[in-house]
Amino acid sequence: MSNVATLVVFRTVEALPTLAKSWWTDDCPRALQSPISQFVTNRVAPETLRRELSRIQKASTLGSMSVSGSCVSREVVATYMQDECTLSVMIRVPPTFPLRNVEVDCQKTLGIAEKRWRRWSLQIMRMLNSQDGSILDALLLWKQNVDKEFEGVEPCPVCYSVLCVKTHAMPNLECKTCQNRFHASCLFKWFQSSGKSQCVLCQQPWSGTKI
């Protein structure tokens with residue numbers, strides 16, 4: 001391709017990735033599919049990922065989330081810290097991105113329900129594969145979801161943490177009398193050590209429910 005054609009293809013794929021993928025999949029002449037794919041692999045995808053990682057490094061809105069990535073492995077990993085426990089998600093960028101879709105792997109999910117993690121993963125894939133979103137945008141959306149998950153959750157009165165160190169679950173047993181919530185493992189350990197089946201705080205006979 002000429003320099004002008006090269007620049008046009010690069011800018012088009014970079015600015016309109018979803019449209020470029022749709023054209024390449026449905027309308028691109030067969031004779032051009034391989035050359036376009038090779039061009040994206042060699043020129044577009046590496047530069048696009050490099051710019052994405054640079055944008056992430058300069059971001060000032062990551063808060064409790066840290067992000068690492070590599071242009072060699074084409075993997076971006078976001079880690080969220082909570083009570084010395086970590087949640088993480090990995091985005092794998094294919095060599096021909098955006099002609100091929102990214103993959104999302106939720107590696108450490110802690111006590112968060114699988115259904116919720118699956119929904120978060122789909123949101124990331126939808127943003128990157130069909131909505132022209134950036135990796136930074138997708139990770140900030142993931143962080144927002146995790147923030148909301150822990151928002152307003154009071155620490156367990158036994159271990160003083162939101163996440164149980166042993167099971168990584170959030171407080172899931174609620175006292176019907178005082179409405180305080182405890183980690184199941186912390187509460188049972190308290191029962192054993194005290195020799196009583198009473199609420200840790202209100203000292204009433206335990207009558208709780210799982211939430």
Which condition breaks for E47 when tested against (1) without any contact (Cβ under 8 Å) to a residue 60 or more places away in the chain; (2) among the acidic types (D, E); (3) closer than 18 Å to L141 by Cα?
(3)
With the requirement that a residue be crowded, with 17+ Cβ neighbours inside 10 Å and either part of a loop (DSSP other than H, G, I, E, B) or among the small types (G, A, S) (or both), what does segment 59-70 give you?
G69
Taking segment 141-183, which residues are assigned to a loop (DSSP other than H, G, I, E, B), of a type in the set (V, I, T) and surrounded by 17 or more Cβ atoms within 10 Å (Cβ to Cβ)?
V158, V162
Within segment 48-55, can one find any residue that is of a type outside the set (V, I, T), at positive phi and either assigned by TED's automatic domain parsing to the domain that holds L136 or part of a loop (DSSP other than H, G, I, E, B) (or both)?
no
Is it true that some residue in segment 143-162 is touching a Phe, Trp or Tyr at 6+ places or on another chain (Cβ under 9 Å) and closer than 30 Å to T25 by Cβ?
yes
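A quick yes/no check of all residues on (1) within 14 Å of the chain's Cα centre (by Cα); (2) under 24 Å from Q38 (Cβ atoms); (3) surrounded by 14 or more Cβ atoms within 10 Å (Cβ to Cβ):
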| residue | (1), (2), (3) |
| --- | --- |
| V72 | no, yes, no |
| M90 | yes, no, yes |
| F97 | no, yes, yes |
| A113 | yes, no, no |
| D132 | no, yes, yes |
| L139 | yes, no, yes |
Pair list, Cβ < 8 Å and 6+ apart or interchain, from segment 15-40 residues that are among the polar types (S, T, N, Q) to residues that are not in a loop (DSSP other than H, G, I, E, B)
T18/N129; T18/S130; Q33/W24; S37/W24
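So how many residues does segment 168-211 have that are out of contact with any Gly (no Cβ under 7 Å at 6 or more places or on another chain) and touching a residue at least 12 places away in the same chain (Cβ under 8 Å)?
Taking segment 168-211 as the starting set, the residues that turn out to be out of contact with any Gly (no Cβ under 7 Å at 6 or more places or on another chain) are 171-172, 177-211.
Narrowing the set further to residues that are touching a residue at least 12 places away in the same chain (Cβ under 8 Å) leaves 171-172, 177-178, 180-187, 189-191, 199-202, 204, 206-211.
Number of matching residues: 26.
Yes or no: I91 aliphatic (A, V, I, L, M) and outside any loop (DSSP other than H, G, I, E, B)?
Numbers: aliphatic (A, V, I, L, M): yes; outside any loop (DSSP other than H, G, I, E, B): yes.
For I91, the condition - aliphatic (A, V, I, L, M) and outside any loop (DSSP other than H, G, I, E, B) - is met.
Would you mind finding the one in R74, R116 that is touching a strand residue (DSSP E or B) at 6+ places or on another chain (Cβ under 9 Å) and assigned by TED's automatic domain parsing to the domain that holds W142? Spell out the reasoning first.
Details: R116 fails: touching a strand residue (DSSP E or B) at 6+ places or on another chain (Cβ under 9 Å).
Answer to the selection: R74.
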Take the residues of segment 28-52 that are hydrophobic (A, V, I, L, M, F, W, C) and touching a Ser or Thr at 6+ places or on another chain (Cβ under 8 Å): which is surrounded by the most Cβ atoms within 10 Å (Cβ to Cβ)?
V40
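The values are calculated or read from the model by the stated rules, or taken from the named source; none is laboratory data. Bear in mind the structure is a predicted one, so any value in this text is a computation, not a measurement. So basically every Cβ, Gly included, is an ideal-geometry build from the backbone, and we count neighbours across all protein chains shown.
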